[in-house]
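Read through the structure below, which is laid out as structure tokens, and then see the notes.
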Amino acid sequence: MAIIRDITERKKAEASFRLMAKIFEGSNDGIVVTNTKGHVIDANKAFTFITGYEKSEILGNSPLLMKSERHNPGFYFLLWRRLLKTGSWNGEIWAKRKSGEIYPKWLSIYTVNDEHHKTSHFVGIFTDITARKEAENQLKKLAHYDPLTGLPNRALFIEQLKWALKMARRNNKLAALMFLDLDRFKLVNDTLGHQAGDLLLIEVARRLEKCVREVDTVSRLAGDEFTVILTNLNTVDEASLVAHKILQAFVLPVNLGNRDIFISTSIGITSFPSDGTEIDKLLKNADTAMYHAKELGRNNYQFFSHVMNQKVLDELEMETNLRNALKNGEFLLHYQPQIDLLSNEIVGVEVLIRWKHPIFGFISPTRFIPHAEKTDLIITIGVWVLQSACSQAVQWQKEGLKPVRIAVNISGTQLKRQDLLGTTANILLETGLAPELLELELTEGVVMENAELTINTLNKLKEMGIRLSIDDFGTGYSSLSYLKRFPIDTLKIDQSFIKDITGNPDDYAIAATIIAMAHNLRLRVIAEGVETQEQLQMLRDKNCNEVQGYYFSRPLPEAELKQLLKRESKF
Ligand code: C2E
Ligand code: MG
Ligand code: MG
């Protein structure tokens, strides 16, 4: 007896099942099957590969285990509603790997029905699209580049800055933002045309990129404004070095077809997180520092944080550096016009020393003069200033410019230790400058400190025809009547009184009194630090003789001052 059963169907089904199993396991897509309660009943190898979960770990669990926090509950609600209504859902979704890493995947979910058309299973099939996402982002970035120079534009720069900030915080490292503005770029554009300007910008971009490391970002924000983000710094000095390198990169002219253009840049630097942790604040800091660099005569760099400027300096051996500065010719002079309020003409210029350190950029005289005074280097520096200023004045006259008085600052040490009389006489002789055109500025404190000794020197200087003025007047302890004994021509009212002259009645009264009493003593009065029209008007009303300050002009390099002197028009 034999029972014969046709198992063709069963064999077929078995074959089909084996095939399915093969496809299931071999698929590069992750596949997960759940029952209607949402418990995982099967998952393939790719599932483990992508999610990091072993099959044994996920069996019986919910796929919600792999949910990222990137979507709100509404997202899942809509997903389910669509799935139950139409039998499928697909789309992009953020998920979480076992490691905690969030990644994007393309997910399709299907419902599987039993023979009674009731849902029996859900199947999820997904691919990891991290790579595609990255490519997409890459494309997005392409829209973030400046077409002229190929550098990141403002939008991308902001993104990079955010990222750099995050990294610096996370790694406990220092980073820096540099804001660069080309000096006198407008002039190039106006005189040579926009096409030349464009070529120049391209070359600037190329040079800037050469100055930084791979990890740093050079961007062009607008016009002639560039930024550099320096990441992963150990100390601020590293930013100094890059800034120095950038300044050096502009030493050689840019060739634009048939002409060579010299261009320089002013750089402001802020570091983060130390100087701030907000994007806007950092940009503002760097911009402020950049303006400071412009103020100091362009073609230099400044840190936003004064503490930092100071720190960089303290690390230097000031004395050695000052000596080298003299030897290497790092000092230069700037000139600030002094305007007569009756004629509205420039009648004098104050000579202000500038130190351009090859690595640390411009260093303010208020910082290095005190050091120089301690070491007596001030004497050598003082001689250099006097000598250079006098020959410059003579040079202007030779060039046919109207003679103006030049005021040179003399420090206490010079008065006490130097043979000021002999040196000045020699310099006047050598240069041929008329003594009436030289004015020496001494501060109130210095004059009073050794009153008896000084009075002698001052009398002799006066006899030679040299003019004398008391600088920063009002801050010291002298009385005006005492001053009568000194052969002085001018009082310079200290800027601190001028600053608040319009807002503070006391300061106004002090300034007014100084002017009135000085006039009684037949002294001229000059107000320094005049910045606004209102301050000027008040000083005019009180018959102040001269003014000096940003309102008319900042201290200028020689070439620019000359342009002012050449100008026929009055202020
Ligand atoms: P000072 O002789 O009282 O010079 C005036 C200072 O005020 C200068 O600063 C000048 O740039 C600044 N100033 C001018 N106008 C304005 C204004 O409108 N607003 C403001 N806020 N400031 C204004 P600077 O050049 O930094 O010089 C600082 C000091 O350093 C000088 O004060 C002077 O005491 C000393 N110094 C500068 N050059 C020499 C020098 O050749 N020899 C000596 N011994 N001292 C110098
Ligand atoms: Mg002065
Ligand atoms: Mg002063």
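Values quoted throughout were computed directly from the atomic coordinates according to the rules given, and no laboratory measurement underlies them. Quick caveat: nothing in here was measured; it's all calculated off a predicted structure. Don't worry about glycine lacking a Cβ; one is built from the backbone with ideal geometry, like all the others, and counts go over all protein chains shown.
When the trypsin sites (Lys or Arg not before Pro) in segment 209-300 are filtered for DSSP coil states and for at most 12 other beta-carbon atoms within 10 Å of their beta-carbon, the remaining sites are R213. Using 0.36 nm per residue and subtracting the Cα-Cα separation, the extra length available between V251 and W94 on full extension is 51.4 nm. Straight Cα distances below 20 angstrom link K542 to the aspartates and glutamates D340, E345, D471, D472, D489, D494, D500, D506, D507, E528, E531, E534, with same-chain residues fewer than 8 positions distant left out.
The length gained on full extension between S391 and A509, counted as 0.36 nm times the residue separation minus their Cα-Cα distance, comes to 38.5 nm. With each label modelled as a point 7 angstrom along the Cα→C-beta vector, the N171-I3 pair spans 7.5 nm.
How many percent of DSSP beta bridges within the chain run antiparallel, rounded to 5? Kindly include the intermediate steps, with their values, before the conclusion.
Values: 67 of 93 bridges.
Among the beta bridges of the chain, antiparallel pairing accounts for roughly 70 percent.
Take L282, L252, L247, L564 and order them by how many other Cβ atoms sit within 10 Å, fewest up front. Fewest-to-most Cβ neighbours within 10 Å comes out as L252, L564, L247, L282. Between the beta carbons of S274 and V215, assuming R0 = 22 Å, the FRET efficiency works out to 0.70 to the nearest 0.05.
Order of F24, F368 from fewest to most other C-beta atoms within 10 Å? Before the final figure, lay out each step's value.
Working: F24 16, F368 22.
Going from least to most buried by this count: F24, F368.
Beyond a 23 Å Cα-Cα separation, which of these cross-linked pairs lie in this structure: K460/K499; K166/K281; K356/K462; K186/K294; K37/K67? In this structure, K460/K499; K356/K462 exceed 23 Å between Cα atoms.
Between the beta carbons of S16 and K162, assuming R0 = 60 Å, the FRET efficiency works out to 0.65 to the nearest 0.05.
The shape of the chain comes out prolate: with a ≥ b ≥ c from the C-alpha gyration tensor, a/c is at least 1.5 and a/b beats b/c. What the Cβ-Cβ distance of R70 and D376 gives, at R0 = 56 Å and to the nearest 0.05, is a FRET efficiency of 0.25.
Quick one: grab the alpha carbon gyration tensor of segment 26-121, order the square roots of its eigenvalues as a ≥ b ≥ c, and give me rounded if a/c is under 1.5, else prolate or oblate depending on whether a/b is larger than b/c.
Details: a/c = 1.80, a/b = 1.21, b/c = 1.49.
It comes out oblate by the Cα gyration axes.
Counting every other Cβ atom within 10 Å of each residue's Cβ, T191, T235 order from fewest to most as T191, T235.
Of the GluC sites (Glu not before Pro) found in segment 164-263, those in coil by DSSP whose Cβ has at most 13 other Cβ atoms within 10 Å are E214. With each label modelled as a point 7 angstrom along the Cα→C-beta vector, the A451-T423 pair spans 2.6 nm. If the chain linking E203 and L342 were pulled fully straight, counting 0.36 nm for each residue of separation and taking away their Cα-Cα distance, it would gain 45.1 nm. Let a ≥ b ≥ c be the square roots of the eigenvalues of the Cα gyration tensor of segment 316-566; is it rounded (a/c under 1.5), or, if not, prolate (a/b larger than b/c) or oblate? Rounded is the answer for segment 316-566, as its axis ratio a/c remains below 1.5. Spin-label pair S56-R522: with each label point 7 Å from Cα along the Cα-Cβ axis, the two points sit 11.0 nm from one another.
Of the GluC sites (Glu not before Pro) found in segment 32-80, those in coil by DSSP whose Cβ has at most 13 other Cβ atoms within 10 Å are E54, E69.
Cross-link partners of K133 among aspartates and glutamates, defined as those whose alpha carbon lies under 19 angstrom from its own and excluding same-chain residues fewer than eight positions apart: D29, E69, E92, E101, E159.
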